[in-house]
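Just below is one structure, and these are the notes that go with it.
The values are calculated or read from the model by the stated rules, or taken from the named source; none is laboratory data. These numbers were taken from a predicted model, which means no experiment stands behind them. Every residue, glycine as well, gets a Cβ built from its backbone with ideal geometry; the counts of neighbours run over all protein chains shown.
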């Protein structure tokens, strides 16, 4: 804007997806407002919530709804927050004609139905980039609480790693049997021969063993900072996955374009992820199908041959035996088989919107 003082801080567009989870969303927003970094704004995409989420978020921004959190007490001085509610059909027109989104503001894009995680994130990201052209976009799960120094840590790391395209934090469990110092994610490893991704440090108590900033195979989608220019180059999340492997796919497309993923231990947050390993039939289906799609898309010839030998020579039979014999769950075994059928069927074209 003409006459506006230049700021050394790059702008960050934060994309949240809400679906019947306003309690989580307002707690996340409260943690963001406690950050010392100012040049950020939130685009919250509501996926057809039926619990009055948008009204609750608006009331929070107005300062008339208090936040309940074990991490902090309610801070009324951070409100009111600039709030805007936009119907999905009008969102891109609003982004194009302005006005520009101010710092520390919240925009809610209202969908009439649940578009799913990837499509909603893409919707919010396109709006954020069009409305303000931020240097970075941050995909952030609404069920997270961020450390007040999250943004500075990310931006400083991005300056140190000019060929880093994606940046991820040290993620802790929100509540791990009463503890908040148990790691859920300290960077990710990718094993293409087995088609598996690993959370480094998962379920370990943080004792500084993962305090080295380093490049990793991938960073998790619950909190993923991306350079906006890279997203414009390679596209956004692929919604054909529906669930699981979307962020892995995005990061590998970035690697193909010459940009790596960086784990930033000074950037910290807490995520309300369950420590349980229980898997529903639906989750088993998507994990199996998407694992096969992912390997078929990105493994080289040697890796793919070894993966097929391992998967059909061992892994599939192990899964079927576990769910049929140990758990006596025919629906789970059936979900695995359907995942194999669809995963080895026609590979859908990538949809990066």
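Listed by position, the strands (runs of 3 or more DSSP E) inside the stretch 186-238 whose residues that are touching a strand residue (DSSP E or B) at 6+ places or on another chain (Cβ under 8 Å) and under 20 Å from residue 160 (Cβ atoms) number at least 3 are 214-216, 223-227.
Residues are listed down the side, and each one gets a yes or a no for (1) touching a helix residue (DSSP H, G or I) at 6+ places or on another chain (Cβ under 7 Å); (2) within 15 Å of residue 287 (Cα to Cα):
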residue: 307; (1), (2): yes, no
residue: 314; (1), (2): no, no
residue: 322; (1), (2): no, no
residue: 326; (1), (2): no, no
residue: 332; (1), (2): yes, yes
residue: 335; (1), (2): yes, yes
residue: 344; (1), (2): yes, yes
residue: 349; (1), (2): no, no
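Within the stretch 150-185, the residues that satisfy the criterion of being over 19 Å from the mean Cα position of the chain (by Cα) and part of a strand (DSSP E or B) are 176, 179, 182. Residue 64 falls short on exactly one of the conditions (1) surrounded by fewer than 16 Cβ atoms within 10 Å (Cβ to Cβ); (2) in contact with a strand residue (DSSP E or B) (Cβ under 8 Å, 6 or more places away or on another chain), and that condition is (2).
Looking at 299, 261, just one residue is modelled with pLDDT of 95 or more, under 29 Å from residue 139 (Cβ atoms) and assigned by TED's automatic domain parsing to the domain that holds residue 139, and that residue is 261.
Taking the stretch 250-268, which residues are buried (at least 23 other Cβ atoms within 10 Å of the Cβ) and over 18 Å from residue 160 (Cβ atoms)? Matches in the stretch 250-268: 250, 251.
Counting only helices (runs of 4 or more DSSP H) that sit wholly inside the stretch 248-353, those with at least 1 residues that are farther than 24 Å from residue 191 by Cβ are 281-298, 330-343. Looking at 70, 8, 80, just one residue is part of a loop (DSSP other than H, G, I, E, B) and more than 26 Å from residue 154 (Cβ to Cβ), and that residue is 80. Across the stretch 95-125, the number of residues qualifying as surrounded by fewer than 19 Cβ atoms within 10 Å (Cβ to Cβ) and more than 20 Å from residue 81 (Cα to Cα) comes to 6. Number of residues in the stretch 201-228 that are under 21 Å from residue 259 (Cβ atoms) and touching a residue at least 60 places away in the same chain (Cβ under 8 Å): the value is 8. When we screen 277, 332 for residues that are modelled with pLDDT under 95 and either closer than 27 Å to residue 183 by Cα or not assigned by TED's automatic domain parsing to the domain that holds residue 194 (or both), the only hit is 277.
Scan the stretch 128-149 for residues that are closer than 22 Å to residue 31 by Cβ and assigned to a helix (DSSP H, G or I) and the total you get is 2.
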